[in-house]
Every structure is written in C-alpha cells, then in structure tokens.
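Report on the structure given below.
The values are calculated or read from the model by the stated rules, or taken from the named source; none is laboratory data. These numbers come from a predicted model, not from an experiment. We place every Cβ from the backbone using ideal geometry, glycine too, and count neighbours over all the protein chains shown. We work out accessible area using only protein heavy atoms, side chains counted, and drop any ligands, DNA or RNA first. Shrake-Rupley method; radii C 1.70, N 1.55, O 1.52, S 1.80 Å.
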Amino acid sequence: MKFLKTSAAFILLYFFLSACKDDKNPSPPGIELLSRLDFPETMTDVWGYVDPNTNKEYALIGFGLFNDPPNSGVYIVDVSDPRHPLQAARVNNAPGFDMKVWRNFMYTVNGRGGTGGILDISDPSKPQLVGSFPSSHNIFISDDGFMFSECPGLIIYDLNPDPTNPTPVWSDDDNNADCHDSAIIGDRLYDFHGSGGTNIYDATNRAAPQLLGTINPPFIRFHHSGWPTEDGRYLFICDEGAAHPDADLTVWDIGDPANPQLVDSFADSTATIHNIYIVGDFAYAAYYNAGFRVFDVSNPRDIKVVDEYDTNSESGEGFNGAFGAYAFAPSGNIYVSDMQNGLHVFSFRPQLSNRGVLAP
C-alpha cells in the first residue's frame, strides 16, 4: 500500500510539473495535415464556401490551367469532416482558373479572357450554371457584393441588382498587360498590377475609387498578389517574378499610403511565392515548389517562418506545387491546392496559452 501511495503521488507530481512547464514553455506553432484528395487534372486555385442551411464547409478547387470547359472547371468538396473529405460535385461547364463566392453564387474565370461562369451552389451537390460575364485573370468579391476583375485592366462590377448579370460600374481603362490581381478589405482596395506596381485606392465609393498611393520599386519584378495586416497598417506583396537574391515577399508600412516604406522582406532561393493571406498574427502562403508556409507576422517588421509543409516533391524557382491557400474557414482549417497533388486540408495550431489551452 505504501508503494501504491508513493507511485500515485509521483504520477500526480509529474502531471503537475508538466502542466507548469507548458505554462512557461508553450508548444511552438504547428501545421497538421488532416487529409489529402487527389484529382486527375492539373489543379489551380482554391476557395471556400459554407452552406448556410447545413453549416457544412466546402472547398472549391479549380482545374484545367488556362483551359475552357469542358477541359476546365471546379470540384466542390465537402470538408465538414476534414479528415474524410468527400467530392460533392464536379463542374465542367464553367472555367476553373480562379473562383470566388458571394452569397450562394460562385463566380469563375479562365485566367485569360473569354467567358466566365456564374453558378448557383445553393445545393453544393447540384450546382447550376445561371449566368456569365467577361472572363479575366483573377477576381475578388467584397462582402457587400462588388466584384473586382483583373486583366485586362481593373473592372468593378456591382452584383447587387442581379447576381446572375454583373453590372460594370468602374474601370481603370488599362487594357495592356500590366495587371494581375486585387483585394478589397473594407474600403481599401489593393490593386496588384503586375509589372505596373501595386496601387492603393480608397474605394469607399465603389464606382469612383480614389488613388492614394503606388508601390513600384525596381526590385519587385511582378506585383502578383498580397494582403494587408488586420489593422491595415502593413501590406505584404508577393513577387512571382523574383529571382534570387531578390525578395519573394516584401512588407510595407502603408500608414501613409502616399509614402509607403519597406520594413521587411523574405527570400527563398529554392522556390517562388504565389499567394498569401493574413489572419490575425499569421500569414498563410502557397509557395509553389516549397509547398505551404506559415509566417508569424505579429511584428510585421520582423516576420518569421514558423512552420511549413512541402506539398510537392519538386524544388527550385518555378511554377509547380502549391497554387492557392484558403485561410478563412469558420473551423480554422486551411485548404491548399497543389497543381500536381490535389487538395490538402490542414489545421494550424498557433500556440498554447499560459493556461495550457489552444489560443484563438
């Protein structure tokens, strides 16, 4: 009995000391692969959708690089059980290079012009083609229903009058090749204009954006995409054209958008960056041959890679591997599309709090 009491006391002491250790030395951030789903085609971008009727989460992953239907389209994947994703539908009557969602509609483009598709995904297992609009390279949709279409130039459409027939309300009239992608966060519009720099607009009036400033230093070859920190003070720009030793990722203080200041950068001689999104203190990047990377951006003037997962066996600066990363699912899971290796569903553990539970 004395031995059992001593053993029990030792076990209790061990767990007490372990808990104390976790308080003082929280676990480092970490990526966990929850599942992967293969497809026969070359994959493109990825986005997310939540069915308001069931609260199920879906990943929307495109296929058919720069092709048109039926050789291009979108898979709709039920990821409500992230360890067992299920294909809900395969769309091949609308292109699938890039796709975004507003309400129960999915808007898709082929990456180069022609005709884009509008699908009603009220029933994700039975998407219905309900409209079209001029295709482009990339699109982004604001929460209040305005679509920002890049290449040729930047065109803004109002979806509110009729979501199946977008109404153009503004264009920058730039019909040359200097364009690529955009993002609208609140009333701030970020126009990543390829070799033409990054333009920052006040888009309070969606039909008449006002240019606030431009970032176009000689060391950024191609302003591909980017994202601001949640306070809007800093802007991250992905340079898809960067060649070592130039930086793949630059960070700018845009507190005064008319006078942006470079405050940090990140370069990888073995890979090319593609897309990045910021949620809280972390940035989630699709980094082509390097795969999926997570940066700690709590101090934008000193960013750090905290974890990574190589989704592709290839290496070198080039355009294979991780294409897109969607980081806005209510569950906190991240969807990453790999051009050769399909859909990856990840979780990311930021860190343990001082009480030993996952921090938000």
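Over region 99-140, with every protein chain in place, what whole percent of the accessible area is carbon and sulfur at 1.4 Å, could you tell me? The partial results should precede the final answer.
Values: 690 of 1450 Å².
Ligands and nucleic acids excluded, carbon and sulfur give 47 percent.
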| field | Residue (of Ser195, Asn216, Pro245) at the positive-pole extreme of region 168-250, dipole from beta-carbon charges | value | Asn216
| If r is the Cβ-Cβ distance from Val305 to Arg103 and R0 is 35 Å, what FRET efficiency results, to the nearest 0.05? | 0.45
| task | Per DSSP H run of at least 4 residues, take -39500 (n - 2.57); add these up for the chain, divide by its residues and hand me the 222 nm value, nearest 500 deg cm²/dmol. | result | -2000 deg cm²/dmol
| query | Which residues in region 49-75 have a backbone N closer than 20 Å to a point placed 7 Å from the Cα of Asn93 along the Cα-to-Cβ line? | reply | 60-64, 67-75
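Compute and list, largest first, the equivalent-ellipsoid semi-axes of the chain from the alpha carbon gyration tensor, each √(5λ) rounded to a whole angstrom. Please list the in-between numbers first.
Numbers: eigenvalues 273, 133, 74 Å².
The equivalent ellipsoid of the chain has semi-axes of 37, 26, 19 Å.
Could you size up the charge dipole of the chain around its Cα centre, putting +1 on the beta carbon of Lys and Arg and -1 on that of Asp and Glu, and report it in debye to the nearest 20?
On the way: 21 positive and 46 negative charges, 310 e Å.
Value, rounded to 20: 1480 debye.
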| Looking at Ala207, Ala267, Trp227, which one has the Cα that reaches farthest to the positive end of the dipole of region 146-270 (charges on Cβ: Lys, Arg +1; Asp, Glu -1)? | Ala207
| query | Any idea of the accessible area per residue across the chain, 1.4 Å probe, to the nearest Å²? | reply | 43 Å²
| note | Longest principal axis of the chain (C-alpha) makes with the long axis of helix 2-24 (C-alpha) an angle, in degrees to the nearest 10, of 30 degrees
| Spacing of the two label points (7 Å from each Cα toward its C-beta) at Thr214 and Asn160, in nm | 3.1 nm
